[in-house]
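Laboratory data are not the source of any read-out in this text; all were calculated from the coordinates shown. Everything quoted here is computed from the prediction, not taken from an experiment. Cβ: placed from backbone, ideal geometry, glycine included. Neighbour counts: every protein chain shown.
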Amino acid sequence: MALLELWECGGAWVNARVGAGKTLVSALAPTLMAAKGFTRPLLVIPASLREKTDIEFREARQHWKCASQY
């Protein structure tokens, strides 16, 4: 649902439980929005999660078409 909301509304606020796939949605979002002409994605996360998110984005790129410019 989050990717559908992102597509239809041009953005999304994803508030979901642990393990629901928020990081994957965040990794896929720039690729999805690039198809609509958006060029500057913004992901806001706590600084303490930056390294963890980078690692999970690298893992996601092995299986999904995720942007790699951030």
Please go through segment 50-63 and give me each residue that is more than 12 Å from Ser26 (Cα to Cα) and aromatic (Phe, Trp, Tyr), ordered by number. none
Just to confirm my filter: which helices (runs of 4 or more DSSP H) fall fully inside the chain and include at least 3 residues that are in contact with a Cys (Cβ under 9 Å, 6 or more places away or on another chain) and of a type in the set (A, V, I, L, M)? 22-34
So, in segment 11-69, exactly how many residues are in contact (Cβ under 8 Å) with a residue 24 or more places away in the chain and surrounded by 12 or more Cβ atoms within 10 Å (Cβ to Cβ)? 22
If you go through Ser68, Ser48, the only one that is out of contact with any helix residue (DSSP H, G or I) (no Cβ under 9 Å at 6 or more places or on another chain) and of a type outside the set (A, V, I, L, M) is Ser48
